[in-house]
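Report on one structure; see the data block that follows.
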Amino acid sequence: AQSVTQPDIHITVSEGASLELRCNYSYGATPYLFWYVQSPGQGLQLLLKYFSGDTLVQGIKGFEAEFKRSQSSFNLRKPSVHWSDAAEYFCAVGGRSGNTPLVFGKGTRLSVIA
Amino acid sequence: GAVVSQHPSRVICKSGTSVKIECRSLDFQATTMFWYRQFPKQSLMLMATSNEGSKATYEQGVEKDKFLINHASLTLSTLTVTSAHPEDSSFYICSAPGAGNDNEQFFGPGTRLTVL
């Protein structure tokens, strides 16, 4: 069965500190991987995606993620967090057909303190 | 880029009434759209797959007679919550895959449904 695990429900970091959000997936074939961010009451914004090629993917807002096939992981990183990064972050996995929906992790809530 | 809209963005209704939510792909065609539900502080859960010109496919545990889905055109899917009850209060989000081969889903902004 397809699944995504985000082991950290809530993370608090200081502004300017580095960030890593963990994501592990289970998928029967080579997946497409995504990270989305959601502010309270808002929709989803795509941060970055991995389809193939370079396993280190650059996204918007200074985020990057690294696909590690051997660990079935796709962790999200940012070298220096800004207060505006406080939000809910979702990792998702999908098949390689446009007719397959995404499976989401439970999300990690990021709080940023001064 | 591909844009998906939803209408309304927020709706409050009385228990027992029906509510229709529209999901539109504004600048591309979508033969398939997906409907998700998100309860407060929880993740998105797939409810159903909407297929243009055919019946929707519902996930296990989702009542198809309660959540009616119609995908009448290549740019519009509608979700009707029939005889809504307070437990149906949730954030409903639709998505549609883009035209590329990478299964990037484009999400609507969501509809907040509150049933009193």
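Here the range A:45-67 is the region considered, the condition is being exposed (fewer than 11 other Cβ atoms within 10 Å of the Cβ) and within 14 Å of B:D102 (Cβ to Cβ), and the residue that is farthest from the other protein chains (Cβ to nearest Cβ) is A:G53. Within the range A:12-25, the set of residues being hydrophobic (A, V, I, L, M, F, W, C) and under 11 Å from A:I113 (Cα atoms) comprises A:V13, A:A17. Taking only the range B:98-116 into account, find how many residues are more than 7 Å from every other protein chain (Cβ to nearest Cβ), farther than 20 Å from B:H7 by Cα and crowded, with 21+ Cβ neighbours inside 10 Å. Going through the range B:98-116 one residue at a time, the tally reaches 0.
Is it fair to say B:S43 is facing another protein chain (nearest Cβ under 8 Å), surrounded by 17 or more Cβ atoms within 10 Å (Cβ to Cβ) and free of Cβ contacts under 8 Å to residues at least 24 places away in the same chain? Walk me through it before giving the result.
Details: facing another protein chain (nearest Cβ under 8 Å): yes; surrounded by 17 or more Cβ atoms within 10 Å (Cβ to Cβ): yes; free of Cβ contacts under 8 Å to residues at least 24 places away in the same chain: yes.
Against the criterion (facing another protein chain (nearest Cβ under 8 Å), surrounded by 17 or more Cβ atoms within 10 Å (Cβ to Cβ) and free of Cβ contacts under 8 Å to residues at least 24 places away in the same chain), B:S43 qualifies.
Hey, can you tell me all the residues within the range A:98-114 that are part of a loop (DSSP other than H, G, I, E, B) and either more than 15 Å from A:L33 (Cβ to Cβ) or in contact with a His (Cβ under 7 Å, 6 or more places away or on another chain) (or both)?
Step one: filter the range A:98-114 for residues part of a loop (DSSP other than H, G, I, E, B), giving A:98-102, A:105-107, A:114.
The answer is A:G98, A:N99, A:K106, A:G107, A:A114.
Looking at this structure, is B:T57 out of contact with any Asp or Glu (no Cβ under 9 Å at 6 or more places or on another chain), within 14 Å of A:N99 (Cβ to Cβ) and at pLDDT 90 or above? Yes, satisfied. Summed over the range A:68-114, residues that are within 27 Å of B:C94 (Cα to Cα) and either in contact with a Phe, Trp or Tyr (Cβ under 7 Å, 6 or more places away or on another chain) or within 10 Å of chain B (Cβ to nearest Cβ) (or both) total 25.
Looking only at the range A:18-34, which residues are at pLDDT 90 or above and in a loop (DSSP other than H, G, I, E, B)? Please lay out each step first, then the result.
Step one: list which residues in the range A:18-34 are at pLDDT 90 or above, which gives A:18-26, A:32-34.
Of everything in the range A:18-34, those that are at pLDDT 90 or above and in a loop (DSSP other than H, G, I, E, B) turn out to be A:S18, A:R22, A:C23.
The values are calculated or read from the model by the stated rules, or taken from the named source; none is laboratory data. Source: prediction; values computed, not measured. Glycine also receives a Cβ, built like all others from the backbone with ideal geometry; neighbour counts cover every protein chain displayed.
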